[in-house]
Amino acid sequence: MRPMGCLFCKIVAREIPSQIVFENDHVLSFKDINPQAPTHALVIPKRHLTGIFDATDADADRQMLGELLTAGRQVAAQLGLDAKGYRLVINQGQDGGQSVHHLHLHVMGGRPMGWPPG
Ligand code: AMP
Ligand code: ZN
């Protein structure tokens, strides 16, 4: 169910503008508004889940997670990140540093990433 006021649901509904880079029936990808790397896009399921915590072992959720990762690698390729590599990140909850409570995969590249992440 779509909660009132969810920012990313509004982006899916085109009620808030975004720089869309990829879309299919299951996911939408758009540029992060506050990029933390030279290339930084997000991939989100069109169906609202608050985070990866919300994904169950039901077939529909397993498929959705597959779509999310598959789109992540497609977006990385489309944005020219394959040659030098990239990072895919999901932040979950308070300690994960999640600030938008609609599941999203960060696709980041264009600079070497540190490890461990902060
Ligand atoms: P997280 O901290 O993992 O929840 O990531 C949320 C991300 O959403 C951050 O990197 C924000 O910069 C990004 N973000 C917030 N609002 C928007 C927006 N309107 N369009 C694109 N990205 C956004
Ligand atoms: Zn949402």
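Read-outs: derived from the displayed coordinates by stated rules, not from any lab. Just so it is clear, the model here is predicted, and its values are computed rather than measured. All Cβ positions, glycine included, derive from the backbone under ideal geometry; neighbour counts span all protein chains shown.
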Nearest-ten-degree value, helix 59-78 long axis tilted from longest Cα axis of the chain: 30 degrees
When Lys and Arg each count +1 and Asp and Glu each count -1, what net charge do the other residues less than 15 Å away from Lys46, Cβ to Cβ, add up to? -2
Could you work out the relative contact order of the stretch 17-109? I mean the mean sequence separation of Cα pairs under 8 Å and 6+ apart, divided by the number of residues, in percent. 34 percent
Summing Lys, Arg as +1 and Asp, Glu as -1, what charge do residues with Cβ under 13 Å from the Cβ of Gln36 carry, Gln36 excluded? +2
In whole Hz, what ³J(HN,Hα) sequence does the stretch 20-36 give by Karplus (6.51, -1.76, 1.60; θ = phi - 60°), x for Gly and Pro? 6, 10, 7, 7, 9, 5, 9, 9, 10, 10, 8, 5, 5, 6, 10, x, 9
In the chain, with Lys and Arg counted as +1 and Asp and Glu as -1 at Cβ, which of these residues, Ala83, Thr70, Pro45, has the Cα nearest the positive end of the dipole, that is, farthest along it? Ala83
Of Val43, Val89, Val12, which has the largest mean-square fluctuation in a 10 Å C-alpha GNM of the chain? Val89
Between beta-carbons, use under 14 Å as the cut-off and find the net charge around Thr70, counting Lys and Arg +1, Asp and Glu -1. -1
With every atom except the alpha carbons ignored, what do you get for Rg and Dmax of the stretch 41-118, in angstroms? 13.1, 37
Exposed-loop cut sites defined as trypsin sites (Lys or Arg not before Pro) in DSSP loop states with at most 13 other Cβ within 10 angstrom; longest site-free run of the chain spans 15-83
From largest to smallest, what semi-axes in whole angstrom does the stretch 1-88 give when each is the square root of 5 times an eigenvalue of its alpha carbon gyration tensor? 22, 17, 11
Order these by the 10 Å Cβ neighbour count, fewest first: Met64, Met113. Met113, Met64
Nonlocal amide H pairs with Lys46, under 5 Å, H built at 1.01 Å: Val27, Leu28
